[in-house]
Amino acid sequence: RRMTPANLKAARHTLGLSLNEMARLLGYTGTHGAQQVRKMESGNRAIREAQALLVRAYLDGYRPQDWPKKENTDA
């Protein structure tokens with residue numbers, strides 16, 4: 001099943017990731033990574049199957065060593 005732009009955006013929100021964080025986890029480096037993810041989420045750039053597989057793995061609970069650390073806001 002193909003990942004749609006809406007699926008990708010929903011996944012990013014479910015995972016609590018910023019555009020920059022998602023870009024890095026999908027292999028985009030440099031200053032334009034967030035722009036690439038934004039283009040995928042808007043349908044202006046294809047979502048490669050390898051990227052879709054990674055996102056599905058993240059949704060299933062896989063976390064690489066460099067997963068973004070979130071500040072714990074609980075007191």
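Observations on the model:
Residue-by-condition table, conditions (1) touching a Lys or Arg at 6+ places or on another chain (Cβ under 9 Å); (2) of a type in the set (S, T, N, Q); (3) at pLDDT 95 or above:
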residue	(1), (2), (3)
Thr4	no, yes, yes
Thr14	no, yes, yes
Tyr28	no, no, no
Val37	yes, no, yes
Gly43	no, no, yes
Tyr58	no, no, yes
Asp66	yes, no, no
Glu71	no, no, no
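- Matching residues, region 18-55, being under 18 Å from Thr4 (Cα atoms) and in a loop (DSSP other than H, G, I, E, B): Leu26, Gly43, Asn44, Arg45, Ala46, Ile47, Arg48
- Considering residues of region 4-54 that are crowded, with 18+ Cβ neighbours inside 10 Å and more than 19 Å from Pro68 (Cβ to Cβ) only, the residue farthest from the chain's Cα centre (by Cα): Ile47
- Among (1) in a helix (DSSP H, G or I); (2) loosely packed, with under 13 Cβ neighbours inside 10 Å; (3) of a type in the set (Ser, Thr, Tyr) - the single one Tyr58 does not satisfy: (2)
The values are calculated or read from the model by the stated rules, or taken from the named source; none is laboratory data. Given the structure is predicted, the values throughout are model-derived calculations rather than measurements. Quick reminder, even Gly has a Cβ in these numbers, built from the backbone with ideal geometry, and neighbours come from all protein chains shown.
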